[in-house]
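Asker: Got a structure for you, questions after.
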Amino acid sequence: MAEMAAPDSARLSPAMTLTAGTRLGPYEIVAPLGVGGMGEVYRARDTKLNRDVAIKVLPEEFASDADRLARFTREAQVLASLNHPNIAAIYGIEERALVMELVGGEDLSQHVTRGPLALSDTLAIAKQIADALETAHEAGIVHRDLKPANIKVRPDGTVKVLDFGLAKATDRTLDSGPGTQDAQNSPTMTARATQMGMIIGTAAYMAPEQAKGKIVDKRADIWAFGVVLHEMLTGRTLFAADTIAETLARVIERQPDLSALPAETPARLRALIARCLERDPKRRLRDIGEARLMLESATLADPVPASAPAVAPRSRSLAWVGITVAAAAITGVIVWQARAPQPQPEERLVMLPPTDAPPQAVSISPDASRVAILADDKVWLRKFSEFTATEVAGSEGAKTVFWSPDGTHLGFQSRAQLWRVSVSGGAPIAIGPVAQDFTGAGGVTWRASGNIGFNTGTSTLMEMPSSGGEPSRALFTLDPTHEVDVHDASALPGDKGVLMVLHSTTGTRTIEVFDGTERKTVFTNSGTGRISRPVYAPSGHILFDMSGGVWAVPFSLASLATTGDPVLVADGARWPSVSSDGTIVMLSGTASTAVRPMWVDESGKVGAAITGQRSVSPRISPDGRSVAATVGFGADSDIWVFDLARGSERRLTFEPGEDAFPTWSPDGKFIMYRCAEAMCARPADGSGARVELLAWSSGVAVVAPDGRRLLLQGPRTEASGLSYVDMGPMGLTAPITAKPTQFISARVPGVFDLSPDGRFVAYESKDGGSDAVFVTQFPDGRGKWEIPVRLATEPRWSANGDRLFVLDELARLVEVPVDLKGAFTAGKPQIRIAVPGFERGAGFDRTKDGKSFLIPLPPSATGTHTRVLVIKNWLR
């Protein structure tokens, strides 16, 4: 019997959900993009024109209503006539499916959820929205559902207004007489839509007349434009409430409150928003073209009106307040010091990235007028007063950026050289050579003395003149018995010294300062968080990265010592940079202090988290039913066990001090972990007390597959290597009396793992000068093979030992095929997973089949996009 051919295309049934491969005319469905009140949206391939498109399948009630389908077709024909760079184009109609331009990038709602946009970004985006609406209004088309979710911002800054397919062309355009629809049957709010709990046109952005169900015109779009403009500047939805009914009530009854607008909002822009948000349509701005003209004349240099409302700052407890009041009571006179400076409220703004690629580093100029952004291995320069960034010619391959003390020059590292370029233009000038292996952990700082201090990420602190012409020299040497390298050079003001991060052989990271003569430790993290990127802030703090956030610790320039405890400045952020006026820029949306283990499949799709608690170092039990992980920070951390089948969780350790780095015994009955300065074990079901196995200040411990030997790092008091010890007949139920035997003397500051057959150990080490993963035989330590992945860390064997998983320099999960028969051999590495927020040092694990991974990620990992976050007046 001949095979039956598949149909070329499918007809849409009323309740059809399309699957990949379904054909609608020449369009082949690729994948779903989303679903909303106006139907399902899919990515599809135009097989005739060989391009990707978006297909919106309208709700099923259209299928049985011939009049609505006919009206939809007529409206689509009008909409398709729109041809504007800021309007997503309509390509065609297939039954009740609308074929549209597929627009990349995030929608505006995703941007504003991360905070208010910079004023220059707001103006640039608003101008493009106004331009799009002006074209539509001139064609007699009203959008009627303008909101941030219907505005896409591509990475290059181009705005595309979407969903004009919801708009109702004016009666004049459709040749229908005015007043043919009453309020109940208006497309704004239909009886059917109300029954379904939906309103066509999102409630928080509706004009008052639209919320009342009246027939609307282009002035409803102008109102929505004002709401969107307000939201971009404040990061807040103007009329949001818990329910649609409450939101509509606010829109209908409340006067718009503009007090949340930033104090520096230009007068013309403030006036424009007020005109757009006039409740009476007759008093409202009548034409969006006027808005476009007002936006073009509104600049950052516009004056702020004296009556402009300001956000009330947080109150401060000041001792002199009581003294002043007491003195006034005695004299009978109260003096009001109107001129006393008032604390300004904190402001957080988000700047759009210059390219599709996520930003890698950021640096603000000393005068806070510009920001340098490293993205796509190039340097981009952007003024705060402008919307777009300019690529710095000749910066290809850059790994870091830095500023001259006077802000007239920008420096970067590229192609084994340090370079400087004038911000006013011109070609980059080579300063001098640096090591070829300059890594992303390297740091460069331009000191007030005119010299440039730097480290490559695998070196000590070096120095060379900014004028060039002389070789670099080491400022001090490292002690190889317990020091590995220094990272992240950053100068203190007045050339009082250079901040840096010291890596020790034990894996500890400390912030050090070198004052030109000697080094001094100024901060040590007592927990498991990795410190990086320390910079001095004029508020008297050192800012630094740690555990997925930017922290600040009080610091005295006079004593070169910290004077308090660290506080969190911004979660899910890294790479802080500070100007002379205290403005901070950093990268946001990268990781988070609130990471929790999430399932990630082999395609990189992020699934559910196993817990809502902050957890790192997850380890899946041998039977795959449970997970052990470290929950909490530092001395407050404990081991918890998560039951995957039941979805339950329980705390395993209760003793004071830090409990971290859990691993399972081969039979799954015990969990080992580091407990203060010892290695401990406990029954995995919680039925027994803690057993202190060995006084050993190590990190990870692993039981060999034979259940007889325990592999350990360290101890920390010596050059960190790998050792093993015979546990004796009592195994993990009693203290170990035998003395450990070291079988690897190389520095092993991080993770190691034993192959399933117990014959090979994979470990991370800096023995070659930078992060790398090596394999050697166990237990004799014979042979040494390096895994061919640059700056590899955190090795993890597959369940059958045919693959090794490591993280590369960009925290991507890389799979390396290996052969353990005879001498060890490694195949060609392949990148398996690149998930935003995947942070080196947080640990990961894999299922037995190697198709799913458990990775600590921030809650927003499924939609994390790195942005430049600007914070002003952070210390209030």
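The values are calculated or read from the model by the stated rules, or taken from the named source; none is laboratory data. All of these numbers come straight from a predicted model, not from anything done at the bench. Note that each Cβ is placed from the backbone with ideal geometry, even for glycine, and that neighbours are counted across all protein chains shown. Accessible surface areas use protein heavy atoms only, side chains included; no ligands, DNA or RNA. Shrake-Rupley method; radii C 1.70, N 1.55, O 1.52, S 1.80 Å.
Asker: Does Q181 meet the test of being out of contact with any helix residue (DSSP H, G or I) (no Cβ under 9 Å at 6 or more places or on another chain) and either small (G, A, S) or at pLDDT 90 or above (or both)?
Answerer: no
Asker: Additional query: If we scan segment 448-468, do we find a residue that is touching a residue at least 12 places away in the same chain (Cβ under 8 Å), touching a helix residue (DSSP H, G or I) at 6+ places or on another chain (Cβ under 7 Å) and closer than 27 Å to S580 by Cβ?
Answerer: There is at least one residue in segment 448-468 that is touching a residue at least 12 places away in the same chain (Cβ under 8 Å), touching a helix residue (DSSP H, G or I) at 6+ places or on another chain (Cβ under 7 Å) and closer than 27 Å to S580 by Cβ.
Asker: In segment 734-755, which residues are out of contact with any Pro (no Cβ under 9 Å at 6 or more places or on another chain) and of a type in the set (A, V, I, L, M)?
Answerer: A734, I736, A738, I744, A746, V748
Asker: Sticking with this structure for a sec: Looking only at residues in segment 769-779 that are assigned to a loop (DSSP other than H, G, I, E, B) and modelled with pLDDT of 90 or more, which one is surrounded by the fewest Cβ atoms within 10 Å (Cβ to Cβ)?
Answerer: Looking at the filtered set, the residue picked out is P779.
Asker: Of all the residues that make up segment 204-230, how many are open to solvent by 10 Å² or more (accessible area, probe 1.4 Å), among the charged types (D, E, K, R) and assigned to a helix (DSSP H, G or I)?
Answerer: The total comes to 3.
Asker: Within segment 401-416, work out how many residues are on the phi < 0 side of the Ramachandran plot and either of a type outside the set (V, I, T) or at pLDDT below 90 (or both).
Answerer: 11
Asker: List the pairs whose first member sits in segment 48-69 and is open to solvent by 30 Å² or more (accessible area, probe 1.4 Å), whose second member is modelled with pLDDT under 70 and outside any strand (DSSP E or B), and whose Cβ atoms are under 6 Å apart, counting only residues at least 6 apart or on separate chains?
Answerer: Within 6 Å, the pairs are E60/P14; E60/A15; A63/P14; R68/F62; L69/F62.
Asker: In segment 142-163, which residues are at pLDDT below 85 and open to solvent by less than 10 Å² (accessible area, probe 1.4 Å)?
Answerer: Passing the criteria: only G157.
Asker: R254 - would you say it is of a type outside the set (F, W, Y), open to solvent by 50 Å² or more (accessible area, probe 1.4 Å) and under 14 Å from M206 (Cα atoms)?
Answerer: yes
Asker: Could you say which residue among P788, P856, P795, P817 is part of a strand (DSSP E or B) and either open to solvent by 50 Å² or more (accessible area, probe 1.4 Å) or at positive phi (or both)?
Answerer: Within the list P788, P856, P795, P817, the selection yields P817.
Asker: Collect the residues in segment 552-577 that are part of a strand (DSSP E or B) and closer than 14 Å to V868 by Cβ, keeping them in residue-number order.
Answerer: A570, A573, R574, W575, P576, S577
Asker: Taking segment 653-681 only, how many residues are open to solvent by 10 Å² or more (accessible area, probe 1.4 Å), touching a Ser or Thr at 6+ places or on another chain (Cβ under 7 Å) and either farther than 17 Å from F752 by Cβ or in a loop (DSSP other than H, G, I, E, B) (or both)?
Answerer: 3
Asker: Could you check how many residues of segment 594-620 are surrounded by 20 or more Cβ atoms within 10 Å (Cβ to Cβ) and closer than 11 Å to D845 by Cα?
Answerer: Qualifying residue count, segment 594-620: 8.
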